[in-house]
Structure formats: structure tokens, C-alpha cells
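What follows is one structure encoded as C-alpha cells, with my remarks underneath.
The values are calculated or read from the model by the stated rules, or taken from the named source; none is laboratory data. As the structure is a prediction and not an experimental result, all values here were calculated from the model. Note that each Cβ is placed from the backbone with ideal geometry, even for glycine, and that neighbours are counted across all protein chains shown. Heads up: the accessible areas ignore ligands, DNA and RNA and are worked out on the full protein's heavy atoms, side chains in. Shrake-Rupley method; radii C 1.70, N 1.55, O 1.52, S 1.80 Å.
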Amino acid sequence: MRQENIRYIVVHCSATRCTMDYTEVMLERDHKARGFRHAGYHFYVRRSGSIIPLRPLDEVGAHARGYNACSWGVCYEGGLDATGQPADTRTEAQLRALRLLLIRLHRLAPESLILGHRDLSPDRDGDGEVEPHEWIKVCPCFDARQAYRLISEGREVYDA
């Protein structure tokens, strides 16, 4: 996959409780159980802020049906609160690591748009906007498009 073909950097959550460890080994196991050769995302960001590479950037991912050939997938550990409800569970370490990773990826594909998996849901009512009632999934449990808008616009470029 050529970097100039990347139109999206798609943020996902693992849809696991914030009180539960969900390692990259577990993620890999679960994706294989669903029939994938290996984990579908390019990167996984643990609650500790560790950034785990899962697929080379030149390999098509398996994370957003219909968009895999033109996107990179980034997943963070969590997305559900302690009771199993969707929630923004990103830790301070994840916030920093995600921002740094997304800045670096956007630098490689400067025309790409950073958005959440939910933003790729179909616009069922045809009004030009994918609204909450149209989301196939809540993932990533926060508004990634807004949170990373300055990176997508090329206005946040520093490495912290």
C-alpha cells in the first residue's frame, strides 16, 4: 500500500473495560479467532501509553470494511467503562501516545483525514453527515475527528 493512497487514519477502541488488561497478544488471538491472519490494526496503544506496531504500514489492514485499502488503523486499549458502557477511557499516557503517533502518521500521509471508526458509518438519511443514530459502532467512544482536527489540518505538527 503506497502512502500517497492513504486517505484516512482511523482511530478505534478495543471495546474492552477500562478495568481489564487487554494485551496485544489477546488482541491478536481474538482477531485470528475471527478469521484474520493476524491483528487488523497497524498500531495498538496500551493504557500505559506503549505503542505496539502490529502491521507494516505498507500492508493493507483489516479494521474498517470498505476503507482498508486507503487507510491505516490505530486502536487504543479500552473504550468501555467499568460497567461495560461505551466511554472515553483514554489515560493521560494514551492521550500523549495517540497524539504523538497520529502526528507521525499524518506526517507520512499529509493529505489524510484522522477520524473514528464510527465516522465511516453510512449516511443513512442522506443529509451529508453521519450522525450518532447512524453509527454502526460507537467506536472509538469519543469524537476522534474533532479531537485530532488540528493534526488533520496540518496545524499540530510538533513531537512532544
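Per residue, how large is the accessible surface of the chain? Use a 1.4 angstrom probe and give square angstrom.
Details: 8290 Å² over 160 residues.
Spelled out: the 1.4 Å probe surface of the chain, per residue, equals 52 Å².
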From the phi of every residue in segment 28-33, what ³J(HN,Hα) in whole Hz does the Karplus formula 6.51 cos²θ - 1.76 cosθ + 1.60 yield, where θ is phi - 60° and glycine or proline is x? 4, 4, 5, 5, 5, 5
In nanometres, the difference between 0.36 nm per residue of separation and the alpha-carbon distance of Arg145 and Asp123 is 6.3 nm
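Only Lys, Arg, Asp and Glu count, each charged at its Cβ (+1, +1, -1, -1), so figure out the dipole size of segment 21-160 about its Cα centre, rounded to 20 debye.
Values: 19 positive and 22 negative charges, 109 e Å.
So the magnitude is around 520 debye.
For segment 49-100, what's the relative contact order in percent, using C-alpha pairs closer than 8 Å and at least 6 residues apart?
On the way: 41 pairs, mean separation 18.4, N = 52.
Reported as a whole number, the value is 35 percent.
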Computed label-point distance, nm, for sites Val60 and His133 using a 7 Å Cα→Cβ extension: 3.5 nm
The ³J(HN,Hα) series, computed from each phi in segment 39-53 with the Karplus coefficients 6.51, -1.76 and 1.60 at θ = phi - 60°, rounded to the nearest Hz and given as x for glycine or proline, is 3, x, 8, 7, 9, 10, 10, 6, 4, 6, x, 5, 9, 10, x
What's the carbon and sulfur percent of segment 26-155's accessible surface, probe 1.4 angstrom, rounded to a whole number? 51 percent
